[in-house]
1. Nearest 10 degrees is fine. How inclined is helix 45-73 to the longest principal axis of the chain, computing both from alpha carbons?
2. Helix 78-95 versus the longest principal axis of the chain: what angle, 0 to 90°, nearest 10, using Cα atoms?
3. Ranking request for peptides 74-81, 8-15: highest mean number of other beta-carbon atoms within 10 Å first, then the rest in descending order.
4. In degrees from 0 to 90, rounded to the nearest 10, what is the angle of the helix 98-117 Cα long axis to the longest principal axis of the chain?
5. Given axes a ≥ b ≥ c from the Cα gyration tensor, I'd like to know whether segment 74-118 is rounded (a/c under 1.5), prolate (a/b larger than b/c) or oblate.
6. Using the Cα atoms as the points, what is the convex hull volume per residue of the chain in Å³?
7. Mean residue ellipticity at 222 nm from the helices of the chain, using -39,500 (n - 2.57) per DSSP H segment of n ≥ 4 over the full residue count, to the nearest 500 deg cm²/dmol?
């Protein structure tokens, strides 16, 4: 059991850690001190690279992970999974509508699964 002094000490310490975690991005990636009017942002080459590259890479890894699991575990399910994935990718490239591509890919998968089960 903690004493009152220890509880206060730990609460203050954790409060400072949380505050530091909240303000650190603003300190590191905020505006430069010498800017007039605060209109120009500092540019970080690495940060702009990460912003541009990481989202597509993460989505690709997630997509391959989502497809490879069912295909490895149950090879006869490969056709519905791969067909629905292809439909989802093509619908996204064609219409640029996430709802349409995800809902359509899910519908294609469910229809092919129902057709294969019958």
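1. 40 degrees
2. Once rounded, the angle reads 60 degrees.
3. 74-81, 8-15
4. 40 degrees
5. It comes out prolate by the Cα gyration axes.
6. Values: hull volume 29.0 nm³, N = 118.
Convex hull volume per residue, Cα atoms: 246 Å³.
7. The helix-only estimate for the chain comes to -27500 deg cm²/dmol at 222 nm.
Only the coordinates and a few stated rules stand behind these numbers; no lab work does. Predicted, not measured: the structure shown is a model, and the values here were computed from it. Neighbour counts run over all protein chains shown; Cβ positions are idealised from the backbone, glycine included.
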